[in-house]
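Each remark here refers to the structure printed beneath this line.
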Amino acid sequence: MLKALVFAIFLTPFISCTNELKDEKRGLHVTYNGLEPKAIELFADQVPKESKTISFGQELTVHFKGIDDFSTTGEKKVLFGGEVSVIDSANNVLFHVPDYFKKYDLNGVDQKDAETIKLNLIIGKPLLPGNTFRYLFRIWDKKSDKELKGNLEFEVI
């Protein structure tokens, strides 16, 4: 059931998508629907990531810069969500967090602070060397239907 839910959330194409980013060299694919960062950077232990490989034990970071499309409250606060999953080559869900930012639902986040979002993943068990995985992510505006979603294919070495 969880596997089906992950695919429904992350892999269903949307007709209303406004933009798309494909970076085959690094394995990155992102679809924008109302939320569009100025840049997306990938890092392995804070070093820019230039390929699909990452070493066991490293920290993978997907850094979204310049997201200024969130709807704001009267106090210039934004409410956003961040969902991530990791799946293996057989599409088994190995890791899932439905909303990293749920703790901010009550008070929101300053609009300026929400312009930069980082999603991190430590490459450890069960992400073993010699295997390929997908890091699925979705960031959405809780005050509208705006979102961005994508996946990053990587091989652990």
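The values are calculated or read from the model by the stated rules, or taken from the named source; none is laboratory data. A quick note: this is a predicted structure, and the numbers were derived from the prediction, not measured. In this analysis, Cβ positions are derived from the backbone assuming ideal geometry, glycine residues included, and neighbour counts consider all displayed protein chains.
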Here the residues within the range 21-55 that are more than 13 Å from the chain's Cα centre (by Cα), acidic (Asp, Glu) and part of a strand (DSSP E or B) are 23
Being of a type in the set (Phe, Trp, Tyr), surrounded by 17 or more Cβ atoms within 10 Å (Cβ to Cβ) and modelled with pLDDT under 95 narrows 70, 64, 80, 10 down to just 10
| message | Kindly evaluate residue 107 against the criterion of being farther than 27 Å from residue 38 by Cβ and exposed (fewer than 13 other Cβ atoms within 10 Å of the Cβ). | response | no
Residues in the range 40-61: is at least one touching an Asp or Glu at 6+ places or on another chain (Cβ under 8 Å), in contact (Cβ under 8 Å) with a residue 12 or more places away in the chain and of a type in the set (A, V, I, L, M)?
yes
